[in-house]
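The values are calculated or read from the model by the stated rules, or taken from the named source; none is laboratory data. No experiment lies behind these values; they were computed from the predicted model shown. What goes into the accessible areas is simple: the full protein's heavy atoms, side chains included, and nothing from ligands, DNA or RNA. Shrake-Rupley method; radii C 1.70, N 1.55, O 1.52, S 1.80 Å.
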Amino acid sequence: MTRSEIAELRFAVSQLRQCVGVLRSHYGESNPVRRLENDLERLTIDADEFEQSPPPEATAHGDQEIIYVPDSKSDEAAWMGAQDEGLGFHSRPRTV
């Protein structure tokens with residue numbers, strides 16, 4: 001992350017702080033306002049930590065292999081007899 005990107009992040013957090021301040025003046029110490037303040041504090045901490053020791057940059061795809069999955073319907077016969085728990089359908093005819 002470049003210095004300008006960090007400055008932009010700091011600016012965005014500052015704007016968010018102002019917005020949360022306006023919400024606090026309208027709604028007081030309501031639970032949603034307190035949660036937003038907590039989230040804002042967490043963002044500030046994470047931004048500080050990121051600036052001090054940024055993680056290594058990720059590459060677009062790294063060393064991962066891209067697997068193409070076609071949109072066409074697959075052969076259902078290939079799945080007959082496979083367990084289908086949790087898939088929301090049954091590969092075998094139902095019996096009553």
Report task. Leaving ligands, DNA and RNA out of it, work out the accessible area of S72 with a 1.4 Å probe and give it in Å² to the nearest 10. Result -> 80 Å²
Query raised in the report: Using a 1.4 angstrom probe with every protein chain in place, what is the largest-first accessible-area order of D71, D48?
Result: D71, D48
Report task. Please give the solvent-accessible surface of F11 in Å², to the nearest 10, using a probe radius of 1.4 Å with every protein chain present. Result -> 120 Å²
